[in-house]
Amino acid sequence: MIVQALSVAAATYVIKFFGMSFANLQLRPILIGPIIGLILGDFTQGIIIGTSLGAVFLGGFGVGGSLPSDTDMGAIVGTSFAILAGNDVKSAVALAVPVGLLSIFVYNLIKIVWHNAVVAIADNAVAQHNDKRYEHIHYAAIIFFGIPYAIISFTTIMIGVEPISQLMNSLPEVVNNFLSIASKLLPAMGFGMLLKSLWDKDLVPYFFSGFALAAYFGLDTMGIALVGTILAVLYGYNFLQKQTQDKKIAEATTSSRTYLVEAEDPDDDFFN
C-alpha cells in the first residue's frame, strides 16, 4: 500500500505543479482518471471513472481566484479509492464531490498563509531591485504549491482506504441505490451547469437536434458527437463564407461611394 500511496502522491504533486507553473496546464478529471488508473494498475477503470467524473465537474470552473471545487483532488482521491477498494463509479463520485469541496479549504489556506507571505517578500525584493531574489521566490512558490496536496493524497490513501472500503460495503442497499442514482444524476447536473453558462438562443436548434438523435434515433454519445462535429464544421465554413462575402460587399460599397463623390465634386465642374 505504501508504494501505491507514494505513487499517487507523486502524481498529485506533478499535476498540481503543472497547474501552477509556467505551463498552467490544468488537467481535467478525464485525463487524471487514466493517469491514476495506470499508476494503480487498472487503466480501463481509470478511464471509466475519469470520464464519469469529468462529466460531474464539467460545469465547474474558476472565475478569477474563486474556485467552486478542486476537481484535481476530487478526481485523484475518488479514482484512487474506487480502484484500491475495488468499487465502481458510484463510489468514486460519492468521494470525489466532497473531497473536491474540502480541498478548496486547503487551497484557500495556502493562499492566505503562504501566498500572502510570498507576496510581501516579493514586494520587498522588487523595492530593492533584487531581480534574482524575486525569481527565486517565484520558483519556490511554484515548487512548494503541490507539496501539501501530495501529503494529503499519501495520508488519505494510507489511512483511509480500509475504513472507506468497510463503510461502503456495510452501507444498506437503499443507500447504495441512492449513490447509484446520484452518480447518474451528477453528470447530468454538470452538463446542465455548463449549458447554463453557455446558453444562447442560437443553440436551441442544436440542443433539440441532439435530444432527437438520442431519443428517437437511438444514437449513442459517439454517434451524436460525430453528427455534432459535422454540423460544427459546416457552421464554421458557412460563417467564414459569410464573413468573406460581407467584406467584399463592404469594399464594393465603399468603392461605389468614393466614385460617386468624385464624380459629383462641384470643384471639378467649376474648374473644368
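Quick rundown of the values:
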read-out	value
Potential extension, Ala127-Asn238 segment - 0.36 nm per residue separation minus Cα distance	34.5 nm
Members of Lys196/Lys248; Lys16/Lys90; Lys201/Lys242; Lys111/Lys132; Lys16/Lys201 lying beyond 31 Å, as alpha-carbon distances in this model show	Lys196/Lys248; Lys16/Lys201
Virtual spin-label span in nm between Ser170 and Ile147, 7 Å along Cα→Cβ	3.7
For the range 207-252, diffusion coefficient by Stokes-Einstein and Kirkwood Rh (Cα), 37 °C, 0.692 mPa s, µm²/s	266
Difference of contour (0.36 nm per residue) and Cα-Cα distance, Gln26 to Thr229	70.6 nm
Cα-projected label distance for Met1 with Ala214, points at 7 Å along beta-carbon direction, nm	4.0
Positive minus negative residues near Ile142 (Lys, Arg vs Asp, Glu; Cβ under 15 Å)	+1
Gain on full stretching of the segment that runs from Asn177 to Thr51 - 0.36 nm per residue minus C-alpha separation	43.3 nm
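A short reminder: the numbers here are calculations on the coordinates, not readings from a lab. Everything quoted here is computed from the prediction, not taken from an experiment. Note that each Cβ is placed from the backbone with ideal geometry, even for glycine, and that neighbours are counted across all protein chains shown.
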